[in-house]
Every structure is written in C-alpha cells, then in structure tokens.
1. Name the one entry in L31, L62 that is among the hydrophobic types (A, V, I, L, M, F, W, C) and in contact with a strand residue (DSSP E or B) (Cβ under 8 Å, 6 or more places away or on another chain).
2. Only one of L28, L59, L92 is free of Cβ contacts under 8 Å to residues at least 40 places away in the same chain, loosely packed, with under 13 Cβ neighbours inside 10 Å and farther than 21 Å from P131 by Cβ. Can you tell me which?
3. Could you please find all residues in segment 118-133 being polar (S, T, N, Q) and surrounded by fewer than 16 Cβ atoms within 10 Å (Cβ to Cβ)?
4. Going by the conditions given, is E110 of a type in the set (D, E), surrounded by 13 or more Cβ atoms within 10 Å (Cβ to Cβ) and not in a loop (DSSP other than H, G, I, E, B)?
5. Do we find that R115 is surrounded by fewer than 16 Cβ atoms within 10 Å (Cβ to Cβ), modelled with pLDDT of 95 or more and either small (G, A, S) or under 23 Å from E14 (Cβ atoms) (or both) in this structure?
6. Among the residues of segment 26-63, what is the count of those that are in a loop (DSSP other than H, G, I, E, B), at negative phi and more than 15 Å from the chain's Cα centre (by Cα)?
Amino acid sequence: MQLKASAQKNLKSEAIIKELEFMSKPKLWELSDGTVKEVITPENSRAKELSELYHGLNLSNLRVDERLDVLLHVKWTVKEFETKLAKELIELIDREADLLNRGRKEKALEGLRKRITRCFLQILRDPRCNPEAERLVKPVPI
C-alpha cells in the first residue's frame, strides 16, 4: 500500500514539474525564411521565475536563513496579486517565518509547508497571476 501511495506521489510531482516546464518554455516562431526561432516573452520569463520559486519552496534541508529568504521572495512576488488566495498565502508564509524564528523543528512545519506549496501552485495555475497558465486551460466546446 505504501509503495502505491509513493508511486502516485512521484507521478503527481512529475506531472507538476512537466506543467511548470511547459509554461516556462520559450515560444517557437516560424520566420518568413522557414527557420524556427525560440522567442522568450515576458510571460515566459514570469512563468520561469514563478517555477523557480515553486522549486525553492520544495527544497528540503535548507538552513533557517535560506528558508526565510525563499519565503520572503515568494511573499514579495505574490504580494502584487490582489486575490484572496494571495492574501492567504502571505498569511501562511508569515506564520511559517514566525515559527522558524521561534525555533520549531522541521517535522512540526510539514503540514504548513504543504499548504504553502499547494497554495502557491494554485496561484501558478491562475491565468490572472501567470499569463502562461492560459495555455494549460483547455477551451470548453460549445
């Protein structure tokens, strides 16, 4: 049973990684002479930055100051979005920072860190916050 749960967890994390890579991939434009050129747009750059922050949130075995640095970067990035989810994420980040400063163990922070990661992933998938997320949304047939 544990093996199956572990395999599902790995598949899910691989799917998320592929999704993030897809969003941050440069666009391919065909030029008039027939050659294909990779073009990095501001939307791709933004998606890549958000993807890197997501990976930073998932790093383990960071020192307290390194973890606080990652949390601060995520907080300042998310602060520009005026959504309920962004406000919730900022509150969660503040809570983890407070607990880290109080010297709580990593084991006690696991649940909070999962919530932070899930919340940030939802923001990554929101086209209002990440324009490249629109490419993932399949149009509904009429």
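The values are calculated or read from the model by the stated rules, or taken from the named source; none is laboratory data. Keep in mind it's a predicted model, so treat the numbers as computed, not measured. Note that we place each Cβ from the backbone using ideal geometry, even for glycine, and neighbour counts take in every protein chain shown.
1. On inspection, the qualifying residue turns out to be L31.
2. Within the list L28, L59, L92, the selection yields L59.
3. Of everything in segment 118-133, just one residue is polar (S, T, N, Q) and surrounded by fewer than 16 Cβ atoms within 10 Å (Cβ to Cβ), namely Q122.
4. No, not satisfied.
5. Taking the combined requirement at face value, the residue satisfies it.
6. 10
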